[in-house]
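Read the figures in this text as sums done on the coordinates, not as results from a lab. Just so you know, these numbers come straight off a predicted model, no measurement behind them. All Cβ positions, even for glycine, are placed from backbone atoms using ideal geometry, and neighbour counts span all protein chains on display.
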Amino acid sequence: MKTHNRILTLAAIALAASFFACQRGGEKANGVDAQAPQAEAAQVTVADKTPYSTTIKLKTSMGDITLELLPDAAPKTVANFQKLVREGFFDGLIFHRVIPDFMIQSGGHLPDMTKKASKAIGANEADLAKSKGLLNTRGTISMAYVPGDPFGASSQFFINLNHNKNLDFKEKNLMDYGHCPFGKVVAGMDVVDRISKVQTKKINEYADVPVQPVTILKAEEIK
């Protein structure tokens, strides 16, 4: 068990180092990097004529993944994700970082690895999520950010393949704030697992990129 935890810790450190390079081209989370090119905080509201749904379906090239968003645990984070879904932001993006037994990440790159930028949320609700009992356990969806900038999350997210305790909130400082989980997979975890097993390669400064692109064909609200 100690060996397994050490491997995950090393993977997270390597991921952080790699995603620091992504600050010039990608996002991530302590292992899951999230590029934030001095993005200004987005003014996120849920004031729309049609109420947002808390159920989201990601139609991917490898099958559908259904998410249940949890606004009580992370209201600003959920509102930002709902807004991006309604705007069609995620459509056509790929899972650009896949690490077995750790996580699969999307929300920021096109198939040619071109970066798609978005505004930062301006908040990290990992502490609130933890107080509500929501951690980075298997099947949860969480926000990625550039290492050392816990308030820089914007659009990049990841789905945990295990309980990645090293990504949970610990203290309110730049290194221990953790990554904010804001929902969970309620259908299609088998699709997540299949994605986690695809062959990957390195493209320029990006590691763990699927050889064959795994694309989000459409992200949509389920009423």
Note to self: Please list, by residue number, everything in segment 143-162 whose backbone N is under 15 Å from a paramagnetic label point 7 Å out along Cα→Cβ of E87.
What the structure shows: 153-157
Next item on the list: At most 13 other Cβ atoms within 10 Å and a DSSP loop assignment: could you name the trypsin sites (Lys or Arg not before Pro) in segment 149-212 that fit?
Entry: K172, K197
Item checked: In segment 81-185, chymotrypsin sites (Phe, Trp or Tyr not before Pro) in a DSSP loop with at most 10 other beta-carbon atoms within 10 Å -> none
Checklist line | Inter-part distance where segment 71-102 and segment 197-213 are each reduced to a Cα centre, Å | finding: 20
Notebook entry, point to check: Can you give the FRET efficiency for E221 and A117, using 1/(1 + (r/R0)^6), R0 = 30 Å, r = Cβ-Cβ distance, to the nearest 0.05?
Noted result: 0.85
Item checked: Loop-resident sites, segment 123-223, for GluC sites (Glu not before Pro), counting at most 11 other Cβ within 10 Å (DSSP) -> E171
Check: FRET efficiency for S53 and K132, Cβ-Cβ distance as r, R0 = 22 Å, nearest 0.05?
Finding: 0.65
Item checked: Which listed pairs, of K76/K119; K83/K170; K57/K223; K115/K218; K184/K218, have C-alpha distances above 21 Å, in listed order -> K83/K170
